[in-house]
1. In the range 123-139, is there at least one residue being within 17 Å of Phe159 (Cα to Cα), in contact (Cβ under 8 Å) with a residue 12 or more places away in the chain and in contact with a Cys (Cβ under 7 Å, 6 or more places away or on another chain)?
2. Return the only residue of Gly68, Gly29, Gly58 being surrounded by 13 or more Cβ atoms within 10 Å (Cβ to Cβ) and either touching a Lys or Arg at 6+ places or on another chain (Cβ under 6 Å) or not hydroxyl-bearing (Ser, Thr, Tyr) (or both).
3. What pairs can you find where one residue is in the range 27-55 and farther than 20 Å from Val73 by Cα, the other is part of a loop (DSSP other than H, G, I, E, B) and of a type in the set (Gly, Ala, Ser), and their Cβ atoms are less than 6 Å apart, with a gap of 6+ or different chains?
4. Within 20 Å of Lys109 (Cα to Cα) and buried (at least 17 other Cβ atoms within 10 Å of the Cβ): does that describe Ala99?
5. Regarding the range 57-65, can at least one residue be identified that is part of a loop (DSSP other than H, G, I, E, B), more than 15 Å from Val3 (Cβ to Cβ) and either touching a Cys at 6+ places or on another chain (Cβ under 7 Å) or free of Cβ contacts under 8 Å to residues at least 40 places away in the same chain (or both)?
6. If you scan the range 102-119, which residues turn out to be surrounded by fewer than 21 Cβ atoms within 10 Å (Cβ to Cβ) and of a type in the set (Asp, Glu)?
7. Kindly list the number of the only condition in (1) under 30 Å from Gly147 (Cα atoms); (2) out of contact with any helix residue (DSSP H, G or I) (no Cβ under 7 Å at 6 or more places or on another chain); (3) surrounded by 21 or more Cβ atoms within 10 Å (Cβ to Cβ); (4) of a type in the set (Val, Ile, Thr) that fails for Val73.
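The values are calculated or read from the model by the stated rules, or taken from the named source; none is laboratory data. Since the model is a prediction, treat every value here as computed from it, not as a measurement. Neighbour counts are summed over all protein chains in view; Cβ atoms, including those assigned to glycine, are modelled from backbone coordinates with ideal geometry.
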Amino acid sequence: MIVLGCGPSGVSWDGKGYCIGVNDCLKFGKPVNALVCVNSTFEPERMKIIRETVAKDGFYSQLQHWAGHPDFVRIHTEPFRHTFDPNTIYHSKTSPFIAISIAAKQGHKEIVLYGVDFDNHPVVKDHVLSNEVETYLRFIRLLRLRGVNVYLGENTGAFKGKLPVKNLFKCEYKITRYETKRGESLL
């Protein structure tokens, strides 16, 4: 399953597979199954994208602000404090953290992150970014102990070299030329 953030590597996801997106990830032009939006203040263009997102499996938020969305599902989150209860949705400083937590709670055993780069995040930078990355990595280590593996879709951004990469859409194959007894090619 895919967690789709709003960072540059989000454009690399081909739109296939179950996806929980965050905020205005629909800007990449690929539909999501569910959306996490736990903020209510966005630039007008981003707000328009969020409001128009169809999330048939749930528009997850804790905010009354989004209650009018047709796919709205109210969630309750707990701050991540270095323990893991599979029945809890955890939060940190960023929306993809919540999306990962929801995916784990839903029982997904493999989560691939696209657009979770934090290369140009408006708030999470410098020491806040360092702390957020460490918090993600602690959470991901706990998930791994529960049989949930988290990967990057592209080896880029703040998690480059810190998480394994699983490019779901790169196929490698070898074409072998076969010939009949008469020398005719089967390819």
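1. No, the range 123-139 contains no residue that is within 17 Å of Phe159 (Cα to Cα), in contact (Cβ under 8 Å) with a residue 12 or more places away in the chain and in contact with a Cys (Cβ under 7 Å, 6 or more places away or on another chain).
2. Gly58
3. Within 6 Å, the pairs are Lys30/Gly15.
4. Considered against the rule, which asks whether it is within 20 Å of Lys109 (Cα to Cα) and buried (at least 17 other Cβ atoms within 10 Å of the Cβ), Ala99 comes out as yes.
5. Yes; the residues of the range 57-65 include at least one that is part of a loop (DSSP other than H, G, I, E, B), more than 15 Å from Val3 (Cβ to Cβ) and either touching a Cys at 6+ places or on another chain (Cβ under 7 Å) or free of Cβ contacts under 8 Å to residues at least 40 places away in the same chain (or both).
6. Glu110, Asp119
7. It fails just one condition, (3).
Let's see how each residue does on (1) part of a loop (DSSP other than H, G, I, E, B); (2) modelled with pLDDT of 95 or more; (3) of a type in the set (S, T, N, Q):
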site: Gly10; (1), (2), (3): no, yes, no
site: Leu26; (1), (2), (3): no, yes, no
site: Asn39; (1), (2), (3): yes, no, yes
site: Glu78; (1), (2), (3): no, yes, no
site: His82; (1), (2), (3): yes, no, no
site: Pro86; (1), (2), (3): yes, no, no
site: Phe97; (1), (2), (3): no, yes, no
